[in-house]
Amino acid sequence: MKTIITGTDFTPSSINACRYAAFLAEKLNCKLTIFNMFEAPIIHSNMGLFGISYTTQRKVSENKAAKLISDLQKLFPKIKINELVTSGSFKNELENFTNAHQVELMVMGLAAKDRISKFIYGSRGVNIAGKINCPVVIVPEKYTKHKLSTVLLAVDNNEKLYKSSLKGFEKFLQKSKAKLNLLHIRTENEVFDPVMKTIKINGEKLPISVINARDMQDGMKKCCAPGKVDLVTIISKEHSVFYNLFVESNTKKVAFVAKVPVMAIHE
């Protein structure tokens with residue numbers, strides 16, 4: 001059975017992401033791993049520097065993870081949930097886990113911030129999108145009514161969606177039983193019309209809708225209205241427009257303007 005892994009630091013945004021990950025695990029028939037990376041902090045005082053016990057800090061994290069798992073099991077009694085509490089490099093630990101397990105998705109939360117700070121706020125979710133060997137789903141903190149009825153696939157004008165790119169995504173759609181809409185965001189600096197008018201998904205030929213927008217972020221904001229779309233998916237290939245979205249600053253902008261979860265698939 002495949003695994004969904006979700007990271008938490010026990011903040012409201014990460015706990016909401018854990019609930020969403022549990023919701024997906026139930027829908028996709030996956031196991032769920034709650035991942036927490038703790039650090040033994042160094043404290044400054046008049047007596048100099050001293051650190052809190054590594055063992056003590058680990059135990060605190062394990063107790064919090066156990067409490068979170070207990071709460072999730074009450075909401076989703078059918079899924080199997082386990083914890084992974086560790087220290088070290090966040091990205092390296094995730095890479096090691098995804099390489100050793102059949103990981104379907106990585107789910108991370110994104111904290112709500114004001115209009116100014118959202119462009120400088122750091123999030124591990126957007127920082128690792130496209131950098132580990134599985135899709136990353138970024139869940140906005142305010143997206144709390146979790147459902148998965150309609151999925152939007154954003155199609156790049158120059159992107160060639162080979163079968164290998166869509167194989168895992170097609171399985172995701174089959175398991176979730178979600179309706180799929182295809183969209184191309186036509187930006188102001190675009191000269192040519194979309195190369196493709198349709199894409200075949202799970203044997204069905206689907207049309208690609210087109211909307212005009214100032215830029216990619218503006219287009220995402222227009223198409224991500226809650227109630228109409230439950231998940232936005234971006235497939236990034238080298239030399240495509242979406243490939244550049246995985247530059248940290250651009251990924252943050254997209255994740256913040258989207259009011260629904262964003263699935264980032266990097267190839």
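Every number here is computed from the coordinates shown, using simple stated rules; none is lab data. These figures come from a predicted structure and were not determined experimentally. Every residue, glycine among them, receives a Cβ derived from its backbone with ideal geometry; neighbour counts consider all protein chains shown.
Once the Cβ-Cβ distance between N212 and K175 is put in as r, and R0 is 25 Å, what FRET efficiency do you end up with, to the nearest 0.05?
Efficiency at R0 = 25 Å is approximately 0.15.
Strictly over 23 Å apart at the Cα level, which of K177/K228; K31/K64; K177/K221; K74/K171 would you flag in this model? Don't skip to the end; give the middle numbers.
On the way: K177/K228 16 Å; K31/K64 20 Å; K177/K221 25 Å; K74/K171 28 Å.
Violating the 23 Å Cα-Cα cut-off are K177/K221; K74/K171.
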Added length on full extension, which subtracts the Cα-Cα distance from 0.36 nm per residue, T98 to T86: 2.8 nm
Once the dipole of region 60-102 is set up from charges on Cβ (+1 Lys and Arg, -1 Asp and Glu), the residue from the list A66, S87, P77 lying farthest towards its positive end is P77
Relative packing of peptides 59-69, 17-27 - highest average C-beta neighbours within 10 Å first: 17-27, 59-69
Residues with amide H under 5 Å of K2's amide H, sequence separation 5 or more or different chain, H placed in the peptide plane at 1.01 Å from N; which? K31
